[in-house]
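Input: a single structure, listed below in C-alpha cells.
The numbers here are math on the coordinates, done by the rules we state, and not lab data. For clarity, every value in this text was computed on a predicted model and none was experimentally measured.
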Amino acid sequence: MQEAYVLYGAVVGGPDKNDNFWDERRDWVQTEVALDYNAPLLTLVAWKVATDGNDPFYTRLQEGAYAANRPDGTSRPCSNPDVYCPNNDPYSFSQSEQIAVGVILGLGAVAILLMGLWLTYEWQKSLKKGE
C-alpha cells in the first residue's frame, strides 16, 4: 500500500506496556502522530536552532547529497519540488470547497447579524423599562 503522507522523524504513540510495536495504520494508538508528543520535541529543536549557530551533526550534508538521493518526481503526483503543482497552490479551491467556504461564511454572517439584532432589541427593551 502506498502511503499518502510520509512524516520522517515524527514521533508516534509508541509500543504497548509489553514493549511490543506493530507498525499498522489501523492501530492508531501506536501509530498516530499527534501534537502533544511532537510539540515538545519541536520546541527543543527550535530552542537549539535559536541558541546555537551551528547545525546539528546529522544535518550536515555534503554538496549534492540530497540531489543524488531525491526521488525523480514521477513516483507520486506533485513530489518534484521544481515543477509547479496545482494541488500545492494554497489559494486555489475546487468548486465544492468554494461552496463550503461560502456557506460557512454566509452562516457566520447571518449569526452575527441575528445576534446584533437581538442585542439591539434587548437594549431598546431595557431603555423602555428605565423610563
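Would you pull out the residues with amide H under 5 Å of G13's amide H, same chain only if 5 or more places away, H placed 1.01 Å from N?
T31, E32
Please turn the phi angles of segment 15-21 into ³J(HN,Hα) values with the Karplus equation 6.51 cos²θ - 1.76 cosθ + 1.60 (θ = phi - 60°), one per residue in order, whole Hz, x for glycine and proline.
x, 7, 5, 9, 6, 9, 9
Explain nothing, just compute: Karplus ³J(HN,Hα) = 6.51 cos²θ - 1.76 cosθ + 1.60, θ = phi - 60°, for every residue of segment 22-31 in order, whole Hz, x for Gly and Pro.
Once θ is set to phi - 60°, the couplings for segment 22-31 become 10, 7, 10, 4, 6, 8, 5, 4, 8, 10 Hz.
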